[in-house]
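Written out below as structure tokens is the structure these notes cover.
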Amino acid sequence: MPARAAAPRTNQHLRTRKDLLHAAARLLKEGRHPTMDEVAEAALVSRATAYRYFPTLEALLVEAPLDGAVPEAKSLFAGDTSSDPEARLDRAEAAMHQMTYQNEAQLRLMLANSLLAARGSDGGAPARQNRRTPIIEAALAPARKRFSKEAYENLRAALALVFGTEAMVVFRDVVPLDERKARKVKSWAIRALVRQALKER
């Protein structure tokens, strides 16, 4: 499928997935333990569609509360007039870092569920919600013109390795580093990546 045709379809898949998460979160806040049928009805999709995005009810209910815990770019940078990409990215990652370590157990369950979903996926419905890219793009927005197109795209992709659950798992299980040291290393990585991207203009 051509890239231009695939993009709208991918965006629609992401919107449908987000609608299901929002519907589940609303029902949970009401003190209910909803069924998949109830979530699908609240999201205005069919039961079959809901199961295509979330193979189990547990996977949906684990992720739903986390969707609201992720920092939003709009509130994160409200009143921030800085155009320094290093400072803005570091601020954004600090917020994401705090969220991941505060919700480690649930995020590990979500990651496990997404890996299972990806293994059984037909390539249609996304296995994960991309929450980090909008934050990265918002942090870079005031300095966007300082980067070449290729350097910007490479930087955005490289930063996705620094932000989020996977980085936390690496620093917990692989390296390992305590939370404070992990934050320092990620801050260092952000500075190094930004400076390299600026050199490539």
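The values are calculated or read from the model by the stated rules, or taken from the named source; none is laboratory data. Quantities reported herein were computed from a predicted structural model and do not represent experimental measurements. Note that we place each Cβ from the backbone using ideal geometry, even for glycine, and neighbour counts take in every protein chain shown. For accessibility, only protein heavy atoms count, side chains too; no ligands or nucleic acids. Shrake-Rupley method; radii C 1.70, N 1.55, O 1.52, S 1.80 Å.
Being exposed (fewer than 15 other Cβ atoms within 10 Å of the Cβ) and closer than 15 Å to Ala95 by Cα is not true of Arg195. Each residue in region 46-96 was checked for being farther than 28 Å from Lys181 by Cβ, of a type in the set (D, E, K, R) and touching a helix residue (DSSP H, G or I) at 6+ places or on another chain (Cβ under 7 Å), and 3 of them qualify. Against the criterion of being touching an Asp or Glu at 6+ places or on another chain (Cβ under 7 Å), open to solvent by less than 40 Å² (accessible area, probe 1.4 Å) and either basic (Lys, Arg) or modelled with pLDDT of 85 or more (or both), Leu27 qualifies. Within the set Ala125, Ala160, Ala138, the sole residue that is open to solvent by less than 30 Å² (accessible area, probe 1.4 Å), modelled with pLDDT under 70 and of a type in the set (Gly, Ala, Ser) turns out to be Ala125.
Set side by side, the residues Asn130, Asn154 differ, and just one is modelled with pLDDT of 95 or more and polar (S, T, N, Q), which is Asn154.
Would you please name the residue that is nearest to Leu20 (Cα to Cα), looking only at residues in region 61-72 that are among the small types (Gly, Ala, Ser) and surrounded by fewer than 17 Cβ atoms within 10 Å (Cβ to Cβ)? Among residues in region 61-72 that are among the small types (Gly, Ala, Ser) and surrounded by fewer than 17 Cβ atoms within 10 Å (Cβ to Cβ), the one nearest to Leu20 (Cα to Cα) is Gly68.
Of all residue pairs spaced 6 or more apart or on separate chains, those with beta-carbon atoms under 9 Å, a first member in region 22-44 that is assigned to a loop (DSSP other than H, G, I, E, B) and a second member that is small (Gly, Ala, Ser) and surrounded by fewer than 20 Cβ atoms within 10 Å (Cβ to Cβ) are Pro34/Ala42. Note on region 163-181: among residues that are touching a helix residue (DSSP H, G or I) at 6+ places or on another chain (Cβ under 6 Å) and in contact (Cβ under 8 Å) with a residue 60 or more places away in the chain, the one that is surrounded by the fewest Cβ atoms within 10 Å (Cβ to Cβ) is Glu179. Filtering region 83-90 for residues that are over 30 Å from Lys199 (Cα atoms) and surrounded by fewer than 17 Cβ atoms within 10 Å (Cβ to Cβ) leaves an empty set.
Condition test on Glu58, is it assigned to a helix (DSSP H, G or I) and open to solvent by less than 20 Å² (accessible area, probe 1.4 Å)? The answer is no for Glu58.
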